[in-house]
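Asker: Right, I'll just put the structure down here and ask away after.
Just so it is clear, none of the values below were taken in a lab; they were calculated from the coordinates. Please read these numbers as outputs of a predicted model, since none were measured by experiment. No Cβ is skipped: glycine too gets one built from the backbone with ideal geometry, and neighbour counts run over all protein chains shown.
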Amino acid sequence: MRNLLRVIRRRVGPVVGACALLAGGVGGCLVAGAGAAQAAACPGTPVVAGTTCTDTGTLTFTAGSLTLLSPVALAWAATNNGLNQLLVDTTTAQQSYTVDDATGSGLGWNVTVSATTFTSITPAATLVNAGTFSTNGSVAAQTATTAPTATCTSGATCTLPTNTTTYPVAITTAASAPTAVKIYDTSAASGLGSIVIGYPAAAAVGWWVAVPANAVPATYTSTVTLEVISAP
């Protein structure tokens with residue numbers, strides 16, 4: 001009998017060593033597997049301390065729109081001095097526009113401008129359509145080939161645009177149905193996020209009007225139309 005008891009103790013001993021005493025004196029055994037135990041999904045009811053469970057976190061991030069925030073107006077002023085004059089819009093708030101590409105598409109975009117003939121009603125007068133209106137990235141020289149500077153809008157992480165436009169851009173006016181021309185053209189995979197084109201960066205948007213010395217002194221107006229279009 002002693003020999004039999006020894007054998008039983010040897011065989012049972014390792015199993016008892018793997019058992020835990022649970023509340024109420026009831027014993028429970030945990031048999032370790034080959035790998036680490038995987039936490040179950042959280043059941044929606046309390047779990048005991050020291051027990052892990054897993055949740056799934058889901059972020060739904062939808063595409064936004066492609067938008068343009070343009071100047072509310074453009075303005076020029078000068079006094080006839082007997083010479084041809086090149087005038088730039090000197091109002092800093094009008095020397096920039098903002099493109100917000102929140103689509104996430106990476107298609108790129110371009111900004112276009114068209115303008116009607118600069119016309120005075122009283123006295124009746126117009127400025128020539130070709131060579132009168134133009135834009136670039138300079139408020140110092142109408143002939144500058146500088147592009148307006150692009151910067152990320154404050155509070156935005158952006159992918160700066162790769163601009164393929166050649167400056168200055170001539171915007172030929174017309175009495176009706178003027179032709180829109182690209183004044184800022186980005187390559188695909190660039191120009192993502194909210195981006196300020198022009199002021200307050202070093203190279204502001206220069207809006208230029210050429211006025212000949214023989215122009216009739218008057219107040220001239222033009223309807224200037226800006227648009228942002230998806231894809232370069």
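Asker: Under a 5 Å amide H to amide H cut-off, with H placed in plane at 1.01 Å, what residues pair with Thr126 once short-range neighbours are removed?
Answerer: For Thr126, the qualifying residues are Ser120.
Asker: Could you list which residues have their amide H under 5 Å from that of Leu66, counting only those 5 or more apart in sequence or on another chain, with H placed in the peptide plane?
Answerer: Those lying under 5 Å, H to H, from Leu66 are Ala102.
Asker: Also: Taking θ as phi - 60°, what are the ³J(HN,Hα) couplings along segment 112-127 by the Karplus curve (6.51, -1.76, 1.60), each to the nearest whole Hz, with x for Gly and Pro?
Answerer: 10, 9, 9, 8, 7, 4, 5, 10, 10, 7, 9, x, 5, 6, 9, 9
Asker: Continuing with this model, one more query. What list of ³J(HN,Hα) values in whole Hz, one per residue of segment 99-107 in order, does the Karplus curve 6.51 cos²θ - 1.76 cosθ + 1.60 (θ = phi - 60°) give from phi, with Gly and Pro shown as x?
Answerer: Values, residue by residue: 10, 10, 9, 9, 7, x, 6, x, 6 Hz.
Asker: Here's a follow-up. Packing-wise, with mean Cβ within 10 Å as the measure, how do 225-231, 162-168, 77-83, 119-125 rank, highest first? Don't skip to the answer; put the middle values down first.
Answerer: Values: 225-231: 14.6, 162-168: 17.4, 77-83: 8.7, 119-125: 11.9.
Result, highest mean Cβ count within 10 Å first: 162-168, 225-231, 119-125, 77-83.
Asker: Listed highest first by mean packing, meaning other Cβ atoms within 10 Å per residue, what order do 39-45, 155-161 come in?
Answerer: On the way: 39-45: 8.9, 155-161: 14.7.
In decreasing order of mean packing, 39-45, 155-161 become 155-161, 39-45.
Asker: Kirkwood hydrodynamic radius of segment 103-182 from all distinct Cα pairs, in Å?
Answerer: 15.1 Å
Asker: Also: Once fully extended, how much extra length lies between Thr166 and Ala140, figured as 0.36 nm per residue of separation less the alpha-carbon to alpha-carbon distance?
Answerer: Additional length available on full extension: 7.6 nm.
Asker: Efficiency by 1/(1 + (r/R0)^6): what FRET value for Cys152 and Leu87, r their Cβ-Cβ distance, R0 = 35 Å, to the nearest 0.05?
Answerer: 0.65
Asker: At what distance in nm do the modelled label points of Ala218 and Ala75 sit from each other, each positioned 7 Å from its Cα along Cα→Cβ?
Answerer: So the two model labels end up 2.1 nm from each other.
Asker: Can you run phi through the Karplus equation (6.51, -1.76, 1.60; θ = phi - 60°) for segment 41-47 and list ³J(HN,Hα) in whole Hz, with x for Gly and Pro?
Answerer: The phi angles translate into 5, 4, x, x, 10, x, 10 Hz.
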